[in-house]
Amino acid sequence: MTSPVSWCHWHIGSSSTALPICFAGRSGGPPVLLYACAPCREQRGLLPRWPPLPEAVTAPEPGDGHPRPRP
């Protein structure tokens, strides 16, 4: 998978494996999407937001309190 961003916000350097992790607020303007490279994600336990992880896509069991995703 290729990333549209070649920067890691965690080690503050270039990366060819950066994936979006979270949004960060700014005092002026819209939030910024932060990216992390594969080594930083592994070291810090960061999970990419997009694309969704396979376990996040599966439908939860009935009665677990989570709504089912829309088809």
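Coordinate-derived values only; no laboratory data. Nothing here was measured: the structure is a model prediction, and the numbers come from that model. Quick reminder, even Gly has a Cβ in these numbers, built from the backbone with ideal geometry, and neighbours come from all protein chains shown.
Observations on the structure shown:
- Once backbone amide H atoms are built at 1.01 Å from N, Leu34 has Ile21, Cys22, Phe23, Ala24 as its partners under 5 Å, excluding neighbours fewer than 5 places away on the same chain.
- A crude spin-label estimate for the pair Arg26 and Leu47, with each label 7 Å from Cα along the Cβ direction, gives 2.8 nm.
- Highest to lowest packing among 8-16, 21-29, scored as the average C-beta count within 10 Å: 8-16, 21-29
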